[in-house]
Every structure is written in C-alpha cells, then in structure tokens.
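Nothing in this text is a laboratory measurement; each read-out follows from the coordinates by a stated rule. Note that the structure is predicted; figures quoted are calculated from it, not measured. Quick reminder, even Gly has a Cβ in these numbers, built from the backbone with ideal geometry, and neighbours come from all protein chains shown.
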Amino acid sequence: MATSYFSGVPNRISYDPKAKKGALAFKQYNADEVVEGRSMRDWLRFSVCYWHTFRGTGSDPFGPGTMVRPWDDGSDSVGNALKRVDVAFDFIDRLGAPYYCFHDRDVAPEGATLAESNKNFDTIAAKLKEAQARTGIKLLWGTANLFSNPRFMHGASTSCNADVFAYSAAQVKKAIEVTNELGGENYVFWGGREGYMNLFNTDMKRELDHLAKFMHMAHEHAKNIGFKGQFLFEPKPKEPTKHQYDYDAAACLNFVRANGLEGIVKLNIETNHATLAGHTMMHELEYSSIQGALGSIDANTGDLLLGWDTDQFPTDIYLTTQCMLVIMKQGGLAPGGVNFDAKVRRESFDPIDLFHAHIGGMDAFARGLKIAAAMRKDRVFEEIVSNRYRSYDSGIGQKIDQGKTNFAELEAYILAKGNPDPNESGRQEQIENIINEYL
Ligand code: XUL
Ligand code: CO
C-alpha cells in the first residue's frame, strides 16, 4: 500500500505504562504478559468490527453522518470497498488486535441481484484473504446482514414472505462459505428483524418454526462444506422490533433446546443487549456459562440515561472485571473472543478517535483480566460462595444435592428438628467493599 492514512500513528501501538496521559499507548494491555498461565492476547482474543469501525457514519435518528474518513469516497463501488480493506488492515495491524469480524454487506457492496452481490463479495473476500495472510490478522466471525435491505421489513427467516426466507437462506449460505474460506472461527446469527411489532398480525408459532428450520439447514450446509467454526446466537430483546425472538440468553437457550440445536449453537453475549433486556452483562454471561453455552462476547456498553443500543466502547473497570471473572471461571472464550461491537460517538469524528476508542476498550479489559486474576488468586469469591452453601456438603443437604431424599423424609427431618438452623448474613456490603479493595 502506498501512503498510510494513519501515518501519525505508531506502526504498532506499544505497551508503555509510562507514556504520557492520553497517549496512543497501552497502559494495561501487554499482549505477551502471562496471566494464570496464558498470555493476555490468548485470554482476550480482541476483535475489531468492520461495521462500526469502517462503515459507521455517525448518523443518528436526528441527523446525518459526521465521520471524517479521507480514504472513503462515500460511494458503494467495489473500488471503494477494496480500498477500505487496505485501510482496515492498516488500522487493525497498528492496533495489534489479532481478529476482526464483518457482515457480508459491510465489506462488499450489495448488487442489484443476489448473483451480483455474491460476485462483489467474492472480489472483496479475495482481497481480505490476501490481507489476512500478509498481516496475520484472523477472522473471529462472519455474519450476514439480514436487516438493512427493505426486503427484510418483516424479518428474514421469520418473514411472512417465503421468498424472503429463501433469499435469506441463500445469503447465509454464501456468508458461511466465505467465512469458511477465510478461516473464520465462528459464525454469528444476530436476529436482525426476527421478532414482531404486532401480535395480531403474527403467527408466532409458525415464525419460530421457520427460524428452527432455517438453523437446521444452516447447520446441514456448514457440515457439507466442512465449516468447523462455532455457530452463535446473539441475544437482543428489542430494537429494531419491539420484541426480538432472541430476547436474552434464557430465551435463546430455550429455543435451542426446544428445537434440537443443543451442541450446535452457543451464544455471543453483548453488554448493551443484556442491559436492554433488564439484565446485567454478568448475569447473561453467568447464565450462559453455567450451561456450557457462553461462546463469545460483543464488548460494549450502553449509556445509563439513553434508552437505546448506543454501543459505546467499554471503559468501566467494574464491568470488565465482572466479565473476566465469568470468562476465566469457564477457562476462556476460545474459539470465541472479545469483539468490540462498539462505535465512536458522532462528535468523535476524527480517524484518530478510532485508535483512542479501541485502546481504551483493550486496556479496560486487560485491567479487568488482571483484577479478576488477583481475586481468583486470593479465592475471595470461591470461599464466600462455598461457605454460603456448606449446609449442602453433609447431612440432609448432601442428600438433597445427591437426589437421595424425598418429601416424606424431608418432612420427618424438619418435624424432628422443629425449626431450620438460623440464617446467616449475606454480607453484601462487605463483599462490595472487598471488590473495591481490588480495583
Ligand atoms: C446489533 C448487533 C449486531 C450484531 C451482528 O445490535 O449487535 O451488530 O453484533 O449482526
Ligand atoms: Co453485536
């Protein structure tokens, strides 16, 4: 590539805790530093997302785009998309993130027909493949955009229009094939417009059955082409529809079990989606993880006062510590990773803001990783939790845990005893103080 659009930025952002405040340097993320026997690079598996970082315009419902992107001529041409690949890999390489991910339509322009779109996608995929080989940057996951084009107004695989179902299948078929060709380690299904606006015009059962059929066909195709990546659902409760079928981890896992998709689909949990569902990120992570279904995360955060999916970069150490506690407890995320499904705000329109944003997110997660490791070393929560449940370690509690008792025996036990042993304090305030001692 001739000249870089980031010539003022170091060739590789370095770990330099002594660099001046706000410098383009990591203060926490030291890729090779080993934490609990694994490098930070391998624990965190950071990924840059193409749609926000290279296609985000800064538009919102009240105004058009604000981003200044001197490499982009604003057109939907293949030439512009090819040039964007060079800029994207220059950016990701300087940042030192090992992964990226995309929707089909972020990287390549949609054509007048599916055949034309596929041709454009192939042209760009060839360039992506070459850029991956040159830089060593890998594809964390691919996905298909089944929500922007007006044809998806009623949904994709849950559309009332069977032709739209067929179109969606064809588009996903191609997106899985390209993901496979690029060595993608996962393939994500975010529901887009799979949900409803009005139950009076909706056959919910039929729509959900169609979604299940779609997923089985996707699995079948992945097997046929030898795609080894992990399938992931990305739960989100609302926006754009008022009720998305993949509402939260619980709704997704119920769908998975109800439709024989166990072992086929895990979850990609996103912070701002968790909070839109009225959950914390830690809740969604823990709920998925205890069922062996936490596959990957979309790392971002919402705004406490704005009610929509603002997709801001995560900077809150409390949040990243909670994420890392759950992720470390399950031994990591691989083949998933930490994908920044996050965008710079529309007032931050300079290219350099993209670096500050990602450096901040990576440092926040690296700090969360180190804090979580320190807590784990001291076994703070393990001891608090195991002590709290110790009544199940012997006697009647052990019998309950082992499934070796019944209502009659439990009745006899408590009648003989008179009253349960007294409860103990949950010590929540003390626990919160302990957490602050580590931050
Ligand atoms: C939408 C969202 C998507 C998915 C990929 O809220 O998070 O960008 O991550 O389709
Ligand atoms: Co997402």
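Here the average projected area of the convex hull drawn through the C-alpha atoms of region 244-389 stands at 10.3 nm².
Converting the Cα gyration tensor eigenvalues of region 69-180 into ellipsoid dimensions via √(5λ) gives semi-axes, longest first, of 27, 15, 12 Å. Cβ crowding within 10 Å, taken as a proxy for footprinting-reagent exposure, orders THR53, THR310 from fewest neighbours to most as THR310, THR53.
Sites listed here are trypsin sites (Lys or Arg not before Pro) in region 192-270 whose DSSP assignment is loop and whose Cβ has at most 13 other Cβ atoms within 10 Å: LYS228, LYS242.
Between helix 162-181 and the chain there is an angle of about 90 degrees, using the helix long axis and the longest principal axis of the Cα atoms.
Region 325-401 and region 1-77 have Cα centres lying 22 Å from one another. Taking a quarter of the surface of the Cα convex hull of region 42-130, what do you get in nm²? One quarter of the hull surface, i.e. the mean projection, equals 7.1 nm². In this Cβ point-charge picture (+1 for Lys and Arg, -1 for Asp and Glu), region 1-129 has a dipole of about 480 debye about its Cα centre. In terms of overall dimensions, the C-alpha atoms belonging to region 338-438 reach 73, 27, 23 Å along their principal axes, ordered largest to smallest.
Estimated from helices alone, the mean residue ellipticity of the chain at 222 nm is -14500 deg cm²/dmol (sum of -39500 (n - 2.57) over DSSP H runs with n ≥ 4, per residue). The angle separating the long axis of helix 407-417 from the principal Cα axis of greatest extent in the chain is about 50 degrees. When restricted to Cα atoms, region 305-355 yields an Rg and a Dmax of 13.9, 38 Å, respectively.
What is the distance in Å between the Cα centroid of region 193-223 and that of region 257-287? Using only Cα atoms to place each centre, the spacing works out to 18 Å. Measure nothing fancy, just the Cα-based angle from helix 351-377's long axis to the longest principal axis of the chain, in degrees from 0 to 90, nearest 10. Approximately 20 degrees, to the nearest 10. Calculated from the alpha-carbon coordinates, region 177-290 shows an Rg and a Dmax of 14.4, 44 Å respectively.
Summing Cβ point charges (Lys, Arg +1; Asp, Glu -1) relative to the Cα centre of the chain gives a dipole of roughly 660 debye.
Its residue count N fixes a reference of 2.2 N^0.38 Å for region 100-166, and the Cα radius of gyration divided by that reference is 1.29. Only Lys, Arg, Asp and Glu carry charge here, each on its Cβ (+1 for the first two, -1 for the last two); on that basis region 75-168 has a dipole of about 220 debye about its Cα centre. Counting other Cβ atoms within 10 Å as a rough exposure proxy, the listed residues TRP51, TRP308 run TRP308, TRP51 from fewest neighbours to most.
Compactness of region 90-132, taken as the C-alpha radius of gyration over 2.2 N^0.38 Å, stands at 1.32. Once C-alpha pairs closer than 8 Å and six or more residues apart are averaged by separation and normalised to the residue number of the chain, the relative contact order reads 15 percent.
Over every pair of different alpha-carbon atoms in the chain, take the mean of 1/r and invert it; report that Kirkwood radius in Å. Here the Kirkwood hydrodynamic radius works out to 23.5 Å.
Over all orientations, region 1-61 has a Cα convex hull whose mean projected area works out to 7.0 square nanometres. Cβ crowding within 10 Å ranks SER117, SER394, SER296 as SER394, SER117, SER296, fewest other Cβ atoms first. Using a Debye calculation, one point per C-alpha and no hydration shell, please list log10 I(q)/I(0) for region 204-245 at q = 0.26, 0.30 Å⁻¹ in order. Taking Cα atoms of region 204-245 as identical point scatterers yields -0.96, -1.04.
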